[in-house]
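Let me begin by presenting the structure, written as C-alpha cells, before commenting on it.
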Amino acid sequence: MKNRTPLPNLYLALITLITYLPIFLVIVYSFNAGRLSSVWEGFSLHWYRDLLRDRSMLEALRNSVILATASSLCAGAVGTLGAVAMTRLHLRANGLVEYLSTLPIMIPEIVLGMVFLSFFSLIGLPFGMTALIAAHTSFCIPYVFMMVKARLAGMDKSYVEAARDLGAGELRAFYDITLPLMRPAILSGMLLSFAMSLDDVVISMFLSNVNTNTLPLKIYTQLRTGVTPKTNALCALMFGVTLLFGLFSFLIGRSKKYDL
Amino acid sequence: MKGTAAGRPRRGKNLPLLLMLLPIYLTTLLLVAGPLVYMLLLSFLTRAEGWGVHYVFTLDNYLKILQPVYLNTFVQSLKLALLCTTLIALIGYPFGYFMAKLPPKWRGLFSFLLILPFWTSSLMRLYGWMIIFRANGILDKLLMAASLTAEPLRLLYTYPAVAVGMVYVLTPFMIYSVYSSAEKLDWGLVEAARDLGATPLQAFFTISFKLTLPGLLSGVVLTFIPSMGLFFIADILGGNKVVLVGSVIQEQLLKTRNWPFAAALSVVLMLLTTLLIYLYRRITKVRDLEGLI
C-alpha cells in the first residue's frame, strides 16, 4: 500500500534532516578558522593539523581501537559459539542464560557501570584495559548472539540435510553450509559491537585509569570544560570512520538476499 | 533422521557442544549474573568510612531514597522520563509507521540513514545541540532574525535543552521498534477493513495500531528507563540544573563514594526496568522486545 498524500514522506524527510543537523554543524565548524563555533571566520584545516599532532589524542585513539577490537572479537567468538551450541543442545539452563546474557543491552548503562565498578573491585580486577575489555565484551555479546541466533532460526534446514545425505560429515556440513550462511550475521553483529564499544562513555568512565583514556572520555571532558574546533575535527573524523563502517555493514546486510 | 546436525545429537557428540556453550555460560555468570547479585547484596550493606563496605546488614540505603532530597530527584527524573517518552512516541511512532509503508528501496535508504547517527558518538550529536542552543548561537540568531524573539533565549543549560537532547538520542530506538512491528503488518487486513466501509482512521485504530502496539510498547521500554539514567545528557546540556537518578548514582559512585547507596538506587532502577519488561510481555504476549537489534 502506498502513502496517498505526500505528507508522510515530508515528515520522514523533515525528521531525518533534523537528525543530521547537529552532526552537520559539528563537521562544518571543524573547518572554521576561528575558535568559536557560532561565528564563521573562513575555511581552514589547521584544527585537523593540531589534532594529529596531539599526543594524548592519538593515545586515546589507540586505546579506543584496541578496546573496540578486543571486545568485538571476544563477543564475536563467545556469542557465535553460544548461539550455535544453544540451537543444537537443549539444556534446561539455556533459557535463563539467554535471558541473562542479553540483559546488558536492556538495563540502563549507569546501572551496568555501577555493577562492574563494584564487582571488579570486589574480585580485585584493577581498573584499566582488562577491566574495560571484560565490561565491553559483556555488553557486546548480546548483539552477536541475538543476530546469529535469529539467522540460525531462519535458516533452511534442508541444505544441511542435503549435505548430510550426500555423505558429508557433521563437521563438513557445518563448515560448508552453516558457517557461510551465518557469516553475514556474525560480521554485522561484530561491526555493531565495534561501534557500540567505540561510542561508550558511561561504562568506560567508571573503569578506566589514567593510562586508558578513550576518545569518548576525552570528548566528554572537553564538552564539560570547554571545546575547541579540535573537538569538532575529532568528531568529524570519527563520523567518517562510522560512515565507512556503516556502509560496509549495510552492504553485508544486503547480502542476506543471497541465500545459496 | 536421528543424528543429523539439526536433530538430537548422540551422547558422545555432546561434549564439543558443551565446550562451545562453556564461554557464554561463563561470561554470563562472571560478567552479568555475579555482578548483579553482588549489586543486590551491596545495597543491603553498610558503608565504611571513606572507602569500601562493612558486611553488616541494613535497610538504610533504601530508606535513604525516601529522604525528600532523593525522593524529589526520583520524582523529577520520572517526570522528565515521562515527558520524553511521550514526545519520543509522538515523533517516533509515525516515523516508524510511515517508513514501513515505503517501497522497499526507500525503506533500505531510510533505515541506513537512521542507523548511521545511531552509530556515531552520541557525544558528537549532543555537541551539535550545544552549538545550536548556545547563547547567541544558531537558534538564537535564527529566531531573532525572524523577529520571533527580541533577545537570545539562552537555551543551553536549561530543562528544555536536556529534554531535546534525550528525545533526540532515544528516538531511534522507538523508530526501530515501531518499524519492525509495522514491517510485519499485513496491509491486506487494513484494505479489507477499508473495503468493509471503515474510514482510514477507524481502520488505523482497529487494525494497524493494535498490530503495531508491541513495537510501540517495546519502544517505551527501551526509552523510559534509560532516560532516567542518561546523566551525561543532563550534564552536557543541562549544566548542573537538571539532576537525574543517573546523576545521583554517578555522584555517589565517583565523588561521595557511597557504593551501597548507589547500589540501592541501581536496584530500584533495575526493578523498574524488569517491571516494564514484564508488563510488556503480559500485554503483548511477545517474549522478545521488538526491534531491539
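Taken together, the values in this text are just the output of simple stated rules run on the coordinates, not laboratory data. Quick caveat: nothing in here was measured; it's all calculated off a predicted structure. When we count neighbours, we look across all protein chains shown, and the Cβ atoms used for this are built from the backbone with ideal geometry, even at glycine.
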### Task
Once you've got the Cα coordinates, tell me which of B:79/B:101; B:64/B:255; A:218/B:105; A:230/B:141 are over 27 Å apart.
B:79/B:101; A:218/B:105
### Query
Which log10 I(q)/I(0) values, to two decimals, does chain A give at q = 0.11, 0.17 Å⁻¹ under the Debye formula with one point per Cα?
-0.79, -1.29
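For chain B, count all C-alpha to C-alpha pairs, find those more than 26 Å apart, and express that count as a whole percent of the total. Walk me through the intermediate numbers first.
Values: 25951 of 42778 pairs.
Beyond 26 Å sits 61 percent of the P(r) for chain B.
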### Query
Where does the Debye-calculated log10 I(q)/I(0) of the protein assembly as shown sit at q = 0.09 Å⁻¹, using only Cα point scatterers of equal weight, no solvent?
-0.74
### Message
Between A:52, A:192, A:112, where does the largest GNM mean-square fluctuation fall for chain A, given springs only between Cα atoms within less than 10 Å?
### Response
A:52
## Note on the structure
Here the whole-number average of other chain Cβ atoms within 10 Å per Cβ of B:247-255 is 3
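Using a 10 Å cut-off around each Cβ of peptide A:65-76, what is the average number of partner chain Cβ atoms that fall inside? Walk me through the intermediate numbers first.
Details: counts 0, 0, 0, 0, 0, 0, 0, 0, 0, 2, 1, 0.
Taking the mean over all residues of the peptide, I get 0.
Determine the sum of side-chain charges near residue B:280: Lys and Arg each +1, Asp and Glu each -1, restricted to other residues whose C-beta is under 14 angstrom from that of residue B:280. Write out the running numbers ahead of the final one.
On the way: positive: B:281, B:282, B:285, B:287; negative: B:288, B:290.
Summing Lys and Arg as +1 and Asp and Glu as -1 gives +2.
Go through A:152-164, A:92-104, B:62-74, B:34-46 and give me the packing order, highest mean Cβ count within 10 Å leading.
On the way: A:152-164: 15.5, A:92-104: 17.2, B:62-74: 13.4, B:34-46: 18.9.
Packing order, densest peptide first, comes out as B:34-46, A:92-104, A:152-164, B:62-74.
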### Message
Can you compute the modelled spin-label distance between residue A:36 and residue B:148, with each label point 7 Å from Cα toward Cβ, in nm?
### Response
2.2
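So for each of A:169-180, A:138-149, A:116-127 I average, over its residues, the number of other beta carbons within 10 Å; can you give me the resulting order with the highest mean first?
Working: A:169-180: 15.4, A:138-149: 26.2, A:116-127: 17.2.
My ranking of the peptides, most packed first, is A:138-149, A:116-127, A:169-180.
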#### Entry: For A:239-245, mean number of other protein chain Cβ atoms within 10 Å
3
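Taking 8 Å as the Cα distance limit and 6 or more residues as the minimum spacing, I'd like the relative contact order of chain A as a percentage.
Values: 259 pairs, mean separation 79.5, N = 260.
This gives 31 percent for chain A.
Among residues other than residue B:152 whose Cβ falls under 15 Å from its Cβ, what is the net charge (Lys/Arg +1, Asp/Glu -1)? Can you show the working numbers first?
Values: positive: B:134, B:141, B:154; negative: B:140, B:151.
It works out to a net charge of +1.
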